[in-house]
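Student: What follows is a structure written as structure tokens; I'll ask about it next.
Where a number appears in this text, it was derived from the coordinates with a stated rule and is not lab data. Here the structure is a predicted model, which means the values were calculated and not measured. Glycine gets a Cβ as well: all are built from the backbone with ideal geometry, and neighbour counts include every protein chain shown.
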Amino acid sequence: MSRLVILVDFKVRPADHEKFARLITENAAASVKNEPGCRQFDVLIPEGIATGQFVLYEIYDDQAAFDAHLKSQHFKAFDAATVGMVVDRKISRLNFAKS
């Protein structure tokens with residue numbers, strides 16, 4: 001099975017840092033708990049950044065599992081709740097190197 005890694009770099013308005021942190025950690029926990037194809041969902045904050053930047057590291061079984069994540073109620077609620085908070089977002093799709 002070829003797992004899919006999603007790396008997301010969010011920049012949010014500094015004033016929204018705490019609220020965004022709460023919303024994204026709730027979304028991450030719901031993803032791991034309720035989505036059979038979501039194997040890992042880490043919410044990270046880069047060192048040396050005061051506020052406003054988050055990096056997500058997500059592992060899914062495959063594209064179908066990621067598509068299911070995007071259609072989930074908890075993701076849709078998170079997405080709607082964070083409108084206006086996000087200044088920039090970069091998404092990278094990664095695969096594990098084969099040895």
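Student: Exactly which GluC sites (Glu not before Pro) in region 1-95 are in a DSSP loop and have at most 13 other Cβ atoms within 10 Å?
Tutor: Those satisfying the criteria are E47.
Student: Also: Can you compute the modelled spin-label distance between I91 and K19, with each label point 7 Å from Cα toward Cβ, in nm?
Tutor: 2.3
Student: Next question. Would you calculate, for the chain, the mean residue ellipticity at 222 nm contributed by helices, counting each DSSP H stretch of 4 or more residues as -39,500 (n - 2.57) and dividing by all residues, to the nearest 500?
Tutor: One gets -11500 deg cm²/dmol as the mean residue ellipticity at 222 nm.
Student: Under a straight-distance cross-link criterion of Cα-Cα below 28 Å, which lysines are reachable from K76, leaving out those fewer than 8 residues away in the same chain?
Tutor: K11, K19, K33, K90
Student: Still on this structure, please answer the following. May I ask you to derive the relative contact order of the chain, considering only C-alpha pairs under 8 Å and at least 6 residues apart, and to give it as an integer percent?
Tutor: Value for the chain: 46 percent.
Student: Tell me, Kirkwood radius of region 35-99 from alpha-carbon pair distances, in Å?
Tutor: Evaluated over region 35-99, this radius sits at 13.8 Å.
Student: Sum up the charges of everything whose Cβ sits under 13 Å from the Cβ of R39, counting Lys and Arg as +1 and Asp and Glu as -1, but leave R39 out.
Tutor: Its environment carries a net charge of -3.
Student: Let me ask something else about it. Mind listing which chymotrypsin sites (Phe, Trp or Tyr not before Pro) in the chain are in a DSSP loop and have 14 or fewer other Cβ atoms within 10 Å?
Tutor: Answer by residue number: F96.
Student: Okay, next question. Is the shape of region 21-64 best called rounded, prolate or oblate, per the rule: a/c under 1.5 gives rounded, else a/b larger than b/c gives prolate, else oblate, with a ≥ b ≥ c the square roots of the Cα gyration tensor eigenvalues?
Tutor: Prolate is the answer for region 21-64, as a/c is 1.5 or above and a/b outweighs b/c.
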